[in-house]
1. Please identify the pairs in which a residue from region 154-169 that is closer than 19 Å to residue 184 by Cβ has its Cβ atom under 8 Å from the Cβ atom of a residue that is of a type in the set (Ser, Thr, Tyr), counting only partners at least 6 apart or on another chain.
2. Every residue in region 192-205 that is surrounded by fewer than 17 Cβ atoms within 10 Å (Cβ to Cβ) and not in a loop (DSSP other than H, G, I, E, B), please.
3. Looking for something under 28 Å from residue 9 (Cα atoms) and among the β-branched types (Val, Ile, Thr) - is there at least one such residue anywhere in region 145-160?
4. Kindly provide the set of residues from region 167-185 that are at pLDDT below 85 and under 21 Å from residue 93 (Cα atoms), ordered by number.
5. Return yes when residue 92 is at pLDDT 90 or above and either closer than 27 Å to residue 186 by Cα or not aromatic (Phe, Trp, Tyr) (or both) and no when it is not.
6. Evaluate region 105-125: report whether one residue or more is modelled with pLDDT of 85 or more, over 30 Å from residue 48 (Cα atoms) and either touching a strand residue (DSSP E or B) at 6+ places or on another chain (Cβ under 9 Å) or of a type in the set (Asp, Glu) (or both).
7. Tell me which residues, restricted to region 70-127, are more than 30 Å from residue 204 (Cβ to Cβ), of a type in the set (Asp, Glu) and outside any strand (DSSP E or B).
Amino acid sequence: MENNYSEKELLHKLIEEICIKRDYRPTYSETLSRALRKRFKRAYDAVKKGLVKKYVFTPSGKIVWIVTGKEQDYQIIPLADFCTCDDFYFRVINHEVALCYHVIAQKIAEFLVEYKEIEKPDEFYERQMMKWRKVKMKKRRLPIVEIKNIRETVETILSKNEDLAIHQLLKNLKNVGFDVLTTHHLASILSTDRTKRFVCKDRKWRLANKLVLIFI
C-alpha cells in the first residue's frame, strides 16, 4: 500500500502529464495510479464541468476556492489540502486516503487554469464564508451521555467481532435501541473519540488496541 506522501507526489506527476497531453488518462507509474484513478477521474470531470470556482474579493484580494459537489459547495484550502466535505473528515483524517477528489479537482483546475473566477466586493466576504461553512443538520444532536454510551457499546461490539463496516455497526446499535440516524453520524461519533479507541481501515472499523484472548 502506498503511503500518503507517495499519493500526493503522484498527483503532481499526473497533473504535469495532463498539462502536456491535455488528456486525463495519465500513464505515469500505472501501479501507483490505481489508488487515485477513480478520484482523479471524478476530479477531472468536475473541472471540465466548471465546478471549480475561485472567488476573489476586492479590494482586499482575499481568495477562496470552492468546488461544487453532489450536495453542496465545499471550501478548499490548497496549502493545507483541506476540504469541508465528509470524505475529508471520515477518510482523509483517518489516513484511508491522502486527498478527497474536491482537493484534487482544485489542484488540476489551478494547474490547467480551468476554473470560474468570480469577483465579489469585500462586504460579501463574511456572508459567503458563513454560507460555505454552514453544516447541514441532517440529524438531531445527541446528549454527551448518549454519545459516551454509543462509543462504549461499539467498543463492546468490536471486541467480540471481526472488523465491521459502518452500516453493520449501525445495525447492531439499532438492535440494542440506540437511535443513531445515519452512518455519517455514527462515523463522526467514532472518529471524534478523544481516547482514539476506534480505527477505520479499508472502510471497516476496529479497535485501535484490540486484544485477542485465547482461552485454554
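1. Listed by first residue and then by second, the contacts come to 166/183; 167/183.
2. 201, 204
3. Scanning region 145-160 turns up no residue that is under 28 Å from residue 9 (Cα atoms) and among the β-branched types (Val, Ile, Thr).
4. Listed by number, the residues that qualify are 182, 183, 184, 185.
5. no
6. yes
7. Passing the criteria: 110, 114, 122, 123, 126.
The values are calculated or read from the model by the stated rules, or taken from the named source; none is laboratory data. Because the structure is predicted, anything quoted here is derived from the model rather than measured. FYI the Cβ positions are ideal-geometry reconstructions off the backbone, even for glycines, and counts take in every protein chain you see.
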